[in-house]
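The values are calculated or read from the model by the stated rules, or taken from the named source; none is laboratory data. Nothing here was measured: the structure is a model prediction, and the numbers come from that model. Every residue, glycine as well, gets a Cβ built from its backbone with ideal geometry; the counts of neighbours run over all protein chains shown. We work out accessible area using only protein heavy atoms, side chains counted, and drop any ligands, DNA or RNA first. Shrake-Rupley method; radii C 1.70, N 1.55, O 1.52, S 1.80 Å.
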Amino acid sequence: MAGAFEAPVCVAIVLCNDCIEDKRTNNKSLIGLFNAIHVQTVPALHPRMVVLASITNSSTSLSMRLIIRSPSGQEVAQIDAQFPALDPLATYDIVFEFNGVLIQEPGTYHVDLICDGSYLGGRRFDVVTTEIEGN
């Protein structure tokens with residue numbers, strides 16, 4: 001199968017507040033995993049968001065793009081990254097860090113992972129407005 005190409009596979013996308021990476025082992029500890037963000041009002045600024053994407057089935061350099069879209073489809077944030085994959089049997093954890101994500105509206109947001117121009121995977125999270133008791 002010389003010259004055959006198989007597309008990379010996204011096996012997981014996780015949202016959290018922080019990621020700590022052990023420099024010796026490259027193991028990652030994800031802190032504050034979430035599926036929803038609660039805000040008092042919109043617009044609101046989410047101070048920090050980390051997206052970890054696990055990729056396998058690749059043995060070449062990958063051109064990655066992670067996009068966050070609002071419920072109305074507007075692009076809220078984007079990160080481009082080159083990632084060197086060496087072994088198609090390995091699973092690579094790619095960490096994307098966002099600082100100061102502007103939340104303009106409540107509803108369901110989409111995180112899309114694009115690899116070399118093709119959709120590789122995605123997930124959703126909700127933004128919910130909540131009132132503080134006593135207000």
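With a cut-off of 8 Å between alpha carbons and a minimum separation of six or more residues, what is the relative contact order of segment 1-96 in percent?
Details: 158 pairs, mean separation 27.7, N = 96.
Once divided by the residue count of segment 1-96, the mean separation gives 29 percent.
How much accessible area per residue does the chain have, in Å², with a 1.4 Å probe?
Numbers: 7990 Å² over 135 residues.
Averaged over the residues of the chain, the accessible area is 59 Å².
Once mean projected area of the Cα convex hull in nm² is worked out from the coordinates, which option in [x] 8.8; [y] 9.4; [z] 7.9 does it equal?
From the options [x] 8.8; [y] 9.4; [z] 7.9, the structure gives [y].
May I ask for the percentage of alpha-carbon pairs in segment 69-135 that lie more than 15 Å from each other?
Working: 1447 of 2211 pairs.
Distances greater than 15 Å cover 65 percent of the Cα pairs.
Tell me, what is the percent relative contact order of segment 78-135, built from C-alpha pairs under 8 Å that lie six or more residues apart? Walk me through the intermediate numbers first.
Details: 38 pairs, mean separation 14.0, N = 58.
Value for segment 78-135: 24 percent.
Given the whole protein assembly as supplied and a 1.4 Å probe, what does the accessible area of residue 92 come to in Å², nearest 10?
The accessible area comes out at roughly 40 Å².
Once the other residues with Cβ under 14 Å from the Cβ of residue 47 are scored (Lys, Arg +1; Asp, Glu -1), what is the net sum? Don't skip to the end; give the middle numbers.
Numbers: positive: 48; negative: 18, 97.
Combined, the nearby Lys, Arg, Asp and Glu give -1.
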